[in-house]
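Let me begin by presenting the structure, written as C-alpha cells, before commenting on it.
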Amino acid sequence: MRVNGVDELLDLPPQVSLLDALRERLGLTGAKKGCDQGACGACTVLADGERINSCLALAVQYTGREITTIEGVDDPLQRAFVRHDGFQCGYCTSGQICSAIGMLAEHKNGTPSAVTEHLAGPGGELTDAEIRERMSGNLCRCGAYNGIVHAIQEVAG
C-alpha cells in the first residue's frame, strides 16, 4: 500500500487491522486506538481520499490503495483547529482532522449526509448543524465540539 506518499511493503497476517499495521508495523501513531470497534473515530484515516475507521478495516483490503494518516496531512484545518481551540487533550484530534478533510470533500462533491439529503448537489449550505451531523462519527471526550465546528466552518469558507 502507499502510505503518506511512500510505497510500503508489509507482510501481514490477513486478520491485522489497518490501524494496527499503521501503528505497530509502520510506527505511525497519529491514528489512535480508542474504542477499537468503530464507534469513536479516533482512528480515522483517509483511504484514496475517503475517511474510514482504520480499526474496522483489514490492512490486506488496502493493497494498492493510498492511505493518508495525520502524519501525511498538511491542511489549513490543522491551523484552524489551533486558532479555534478545536482540541484539548488532543487524543481525538488526528481523527477529527482526517474526518473533516474527508467530510469537506464529500460535501464539495454533493454527497448528502444522513439527515440532510436536501443538500445533495454541490454548493449546498454547510451550516453548523450540518457540520455536526457529518462529524457525528468522531467523538471528543473533552467537549471541544464548538471549536471543531468553528475551525471547519472557517476552512469551508
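The values are calculated or read from the model by the stated rules, or taken from the named source; none is laboratory data. Everything quoted here is computed from the prediction, not taken from an experiment. Neighbour counts are summed over all protein chains in view; Cβ atoms, including those assigned to glycine, are modelled from backbone coordinates with ideal geometry.
I'd like to check something: does the range 113-135 contain any residue that is under 30 Å from L9 (Cβ atoms), out of contact with any strand residue (DSSP E or B) (no Cβ under 7 Å at 6 or more places or on another chain) and assigned to a helix (DSSP H, G or I)? First the steps, then the outcome.
Residues of the range 113-135 under 30 Å from L9 (Cβ atoms): none.
No.
Just give me the residues in the range 43-71 being touching a residue at least 60 places away in the same chain (Cβ under 8 Å) and crowded, with 18+ Cβ neighbours inside 10 Å, in sequence order.
T44, N53, Y62, I67, T68, T69
How many of the residues making up the range 1-23 are closer than 24 Å to D74 by Cα and either surrounded by 13 or more Cβ atoms within 10 Å (Cβ to Cβ) or in contact (Cβ under 8 Å) with a residue 60 or more places away in the chain (or both)?
12
Among the residues of the range 57-84, which ones are part of a strand (DSSP E or B) and out of contact with any Cys (no Cβ under 9 Å at 6 or more places or on another chain)? Don't jump to the end; show me each part of the working.
Taking the range 57-84 first, the residues part of a strand (DSSP E or B) are 58, 66-68.
The answer is L58, E66, I67.
Give the residues of the range 1-19 that are more than 13 Å from I67 (Cβ to Cβ) and not hydrophobic (A, V, I, L, M, F, W, C), sorted by residue number.
Hits for the range 1-19 are D11, P13, P14, Q15.
Can you find even one residue in the range 85-94 that is part of a helix (DSSP H, G or I) and modelled with pLDDT of 95 or more?
yes
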